[in-house]
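I have placed the structure first, in the form of structure tokens, so that the comments after it can refer back to it.
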Amino acid sequence: MKLSRMIGAGAAVAALAALTLVTSPVGAEEAPAARARIGEQAPAFSLTDLQGRTHTLEQYRGKVVVLEWFNPDCPFVVKHHQHNKTMKDLAAKYKDRDVVWLAINSGAAGKQGAGQERNERAVREFGIEYPVLLDPTGATGRAYAAVTTPHMYVIDTQGVLRYQGAIDDDRDAKRVGRTNHVAQALDAVLGGQAVPTAETRPYGCSVKYAANP
């Protein structure tokens, strides 16, 4: 009798564990084996923009590169593109200082905000003047461990990652923060200084990766 109770209890624990795995938050099992690290070479990539042009990190060696993970239907992306012009204004401010700004959409086919047509429309809606690159397999997003839209990265002229994290310090869906972490990082890198806050916790919507990479 006691043995049967023990077996029954063990089965219940196993069932609970299985249920926990199934109901884990989306994205919990999407972490890449390696991630981009501050002070190390940023992961190489080759992605195509909405006009069919290929962009690689290597081709921008000698310039500072900003990567912005993008999903036009995410409220936090809308915050910085429509409610406010954070991204557009920053890209324009640093454009003449050899800073390249690239948006990357790692959404899989059929997912929120993904696809050529939706992103072409977003460029018109938001007035985006820099390339939007599509990463439907999610390979580049996973290499960078991009978890939110937006998730920001600043890479120096030698291809070394100098900042990763949030765009600013206000996680509200509409308010803009007092401190813009990307502007702070760009000023430091362009001035030959260490970035004062090299990593922050990004906020936004989860990146809509394919379920089976």
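Those residues that are in a helix (DSSP H, G or I), surrounded by fewer than 21 Cβ atoms within 10 Å (Cβ to Cβ) and either under 15 Å from the mean Cα position of the chain (by Cα) or at positive phi (or both), I need them from the range 67-100; list them, please. Within the range 67-100, Pro75, Val78 meet the criteria. Selection over the range 160-178 of residues that are closer than 12 Å to Thr86 by Cα and touching a strand residue (DSSP E or B) at 6+ places or on another chain (Cβ under 7 Å) gives a count of 4. Pairs are defined by a Cβ separation below 6 Å, a sequence spacing of at least 6 or placement on different chains, a first member in the range 119-146 that is over 21 Å from Gly204 (Cα atoms) and β-branched (Val, Ile, Thr), and a second member that is surrounded by fewer than 18 Cβ atoms within 10 Å (Cβ to Cβ) and at pLDDT below 95; no pair meets this definition. Of everything in the range 101-143 that is within 17 Å of the chain's Cα centre (by Cα) and of a type in the set (D, E, K, R), the residue that is farthest from Arg61 (Cα to Cα) is Lys111. Condition first: of a type in the set (Ser, Thr, Tyr) and touching a Phe, Trp or Tyr at 6+ places or on another chain (Cβ under 7 Å). Now tell me which residues in the range 110-162 satisfy that. If the condition is that a residue be of a type in the set (Ser, Thr, Tyr) and touching a Phe, Trp or Tyr at 6+ places or on another chain (Cβ under 7 Å), then Tyr130, Thr140, Tyr144, Thr148, Thr149, Tyr153 are the ones that fit.
Is at least one residue of the range 56-64 part of a strand (DSSP E or B) and acidic (Asp, Glu)? Looking for residues that are part of a strand (DSSP E or B) and acidic (Asp, Glu), one finds none in the range 56-64, hence no.
The values are calculated or read from the model by the stated rules, or taken from the named source; none is laboratory data. Because the structure is predicted, anything quoted here is derived from the model rather than measured. Don't worry about glycine lacking a Cβ; one is built from the backbone with ideal geometry, like all the others, and counts go over all protein chains shown.
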